[in-house]
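Input: a single structure, listed below in C-alpha cells.
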C-alpha cells in the first residue's frame with residue numbers, strides 16, 4: 001500500500017539527488033558502475049560509495065623537493081592528476097526501456113551521463129556520453145572540463161547478479177594557477193573496467209576495477225609537461241532502486 005502524500009515520486013527523488021550530486025561535485029577517480037542494464041522506465045537508482053585512484057609509472061609523483069630536477073612535473077601531476085580516495089554518489093533515472101540519464105559526483109567535480117542500450121540476447125551493449133566539469137584542486141581557481149565515451153557489455157541475472165566489462169576513452173583539459181605559475185594540462189585516458197553487483201531486487205552492492213592509461217601534456221609556467229602511465233581505480237558502492 002502506497003502513501004502517496006508521504007513518498008516522493010521517482011522523478012522528484014531524481015531531481016533531488018541530481019541537485020545534491022552537483023553540489024558535492026567529481027574527482028579524477030571516475031568509476032563507471034555500469035550495472036547490468038539501463039535503469040527501467042520510470043525507476044530511479046540512488047547510490048553512494050567510494051573510489052581510490054592509484055597512479056603508477058610516471059604519473060606517480062616521487063618525493064622531490066621544490067627546485068630539484070623533476071619538481072615541476074611532480075607539482076603539475078599532483079595538481080591535475082592526483083591519487084587518493086574520494087567519496088562518490090550517483091543518481092540515474094530510466095527514460096525508456098533502452099535509455100537512462102544520470103548525474104555522478106565525487107569530491108570536486110560533477111558528471112552527467114546519457115546512456116543507451118542495445119539488447120544482445122541475455123546481455124546488453126551499453127553506450128553513451130558523459131561530460132564532466134569541476135575544480136582541479138580545492139584551494140585553487142583551476143577548472144577541469146572533459147568527457148567520456150564508454151562501451152560496455154553487461155548482463156543482469158534475475159536481478160540478483162549483475163556483471164559488466166567494457167572500454168572507455170576520456171579527454172580532459174585543466175587550466176588555472178598553481179601558486180604563482182599558470183598551468184595548462186590536457187589528458188587522454190584510455191582503458192577498461194570490469195565490475196560485479198550482488199543483491200536482491202532493489203538493493204545491490206557494486207564493485208568495480210578500472211585500469212586506464214593516461215597521457216598528460218601541457219605547461220607549468222615555462223616548463224613543458226609530458227608524462228604517461230597507468231592508473232588503477234578500485235571502487236565500491238551500494239545502490240537502491242526506487
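Here, each number is a calculation from the coordinates, and none is a lab measurement. Just so it is clear, the structure is predicted and the values come from calculations on it, not from any experiment. Cβ: placed from backbone, ideal geometry, glycine included. Neighbour counts: every protein chain shown.
Descriptive notes on the structure:
- A straight chain from residue 181 to residue 223 at 0.36 nm per residue would run longer than the Cα-Cα distance by 14.1 nm.
- Enclosing the Cα atoms of the stretch 107-226 in their convex hull gives a volume equal to 106 cubic angstrom per residue.
- Near-label residues of the stretch 193-224 by backbone N, under 20 Å of a point 7 Å along Cα→Cβ of residue 161: 193-209
- Residues 43, 92 arranged by fewest to most Cβ contacts within 10 Å: 43, 92
- By the count of other C-beta atoms within 10 Å, a proxy for reagent exposure, 89, 211, 103 are ordered fewest to most as 211, 89, 103.
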